[in-house]
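Structure first, then comments.
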Amino acid sequence: MRSYGQYCSVAKALDVIGDRWTLLIVRELLQQGPCRYTDLRNGLPGIATNMLADRLRDLEEAGLVRRYEADPQVATTLFNLTEAGAELEPVLRALGAWGIRYMAEPSAADEFRSHWLSFPVSLFLHDSEPDGAPVAIELRTGDRPAVVEAAAGTVRTRLGTAPAPDLILTGEPRVILGLLSAKLTPEQAGEHGLEMDGDITVLRRLQAQPWA
């Protein structure tokens, strides 16, 4: 691990997490929880096998990641964040908030995984009716469906489907994010190819500044 050689807390932090891919590995473990090596590779398109192995070793040595053997019936090694590693969550959220400005025009070559939606979605969706009935919005985009759930004042995003979603959104990730963030109205999102099935008004409960 290279060092800036500076007695400064920012420099010391970057000595540990400043290398390419390192924070994205942390992102995967924050969003997915304990992961197999293959889970991490699938969530990090473009990373070389030896690079992933090197970065995991560096993170283990720094005390941010630990590996352990799963239950015998699973028979695999899992990687998870330590307490110190989990403390990077607000750092990733701050970076995610700062980086949203660069997501308006994705490159045609950009890869996408559905669980990556959880950071941007959590930044601009909030439950304004904590006493209301639970609502679920199913997002069909990327490699797997995801669900935004609001209940008792809390909004969370998870992979999977909802048994009876109030709204289903099907389309490109950038259009879905545009609608969820209220940068696009439902009419504008529809013009960009987004399919909306269900009660579109449930979004008003979750958006800080819903469309007019």
Flagged in region 82-123 as closer than 22 Å to V155 by Cβ, of a type outside the set (D, E, K, R) and assigned to a loop (DSSP other than H, G, I, E, B), in numbering order, are L88, M103, F112
Count, please, the residues in region 32-58 that happen to be open to solvent by less than 40 Å² (accessible area, probe 1.4 Å) and touching a residue at least 40 places away in the same chain (Cβ under 8 Å). 5
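Quick one: count up the residues across region 48-81 that are assigned to a helix (DSSP H, G or I) and either at pLDDT below 95 or small (G, A, S) (or both).
Let us first name the residues in region 48-81 that are assigned to a helix (DSSP H, G or I), namely 49-61.
From the residues that got through so far, the ones that are either at pLDDT below 95 or small (G, A, S) (or both) too are 53.
Qualifying residue count for the region: 1.
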Residues within region 187-202 that are over 23 Å from the mean Cα position of the chain (by Cα), outside any loop (DSSP other than H, G, I, E, B) and within 18 Å of A136 (Cβ to Cβ), tallied: 2
Quickly run through region 139-155 and pick out the residues that are more than 19 Å from R204 (Cβ to Cβ) and open to solvent by 50 Å² or more (accessible area, probe 1.4 Å). R140, G142, D143, R144
Scanning region 103-127 residue by residue, those under 17 Å from G46 (Cα atoms), open to solvent by 70 Å² or more (accessible area, probe 1.4 Å) and in contact (Cβ under 8 Å) with a residue 40 or more places away in the chain turn out to be E111
For region 1-47, name all the residues that are within 15 Å of L59 (Cβ to Cβ), out of contact with any strand residue (DSSP E or B) (no Cβ under 6 Å at 6 or more places or on another chain) and outside any helix (DSSP H, G or I). M1, R2, G18, D19, R20, W21, L44, I47
Quick check on region 66-77. Is at least one of its residues surrounded by 14 or more Cβ atoms within 10 Å (Cβ to Cβ) and in contact (Cβ under 8 Å) with a residue 24 or more places away in the chain? no
Selection from region 115-132 of residues of a type in the set (F, W, Y) and more than 15 Å from V202 (Cα to Cα) yields W116, F119
Some residue of region 166-176 being touching a residue at least 40 places away in the same chain (Cβ under 8 Å) and part of a loop (DSSP other than H, G, I, E, B): no
Boolean, A136 is of a type in the set (G, A, S), farther than 26 Å from L44 by Cβ, open to solvent by less than 40 Å² (accessible area, probe 1.4 Å) and not in a strand (DSSP E or B): no
Identify, please: which residue in region 190-212 is modelled with pLDDT of 95 or more and over 17 Å from V135 (Cα atoms) and is, among those, surrounded by the most Cβ atoms within 10 Å (Cβ to Cβ)? L194
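The values are calculated or read from the model by the stated rules, or taken from the named source; none is laboratory data. Predicted, not measured: the structure shown is a model, and the values here were computed from it. Note that we place each Cβ from the backbone using ideal geometry, even for glycine, and neighbour counts take in every protein chain shown. For accessibility, only protein heavy atoms count, side chains too; no ligands or nucleic acids. Shrake-Rupley method; radii C 1.70, N 1.55, O 1.52, S 1.80 Å.
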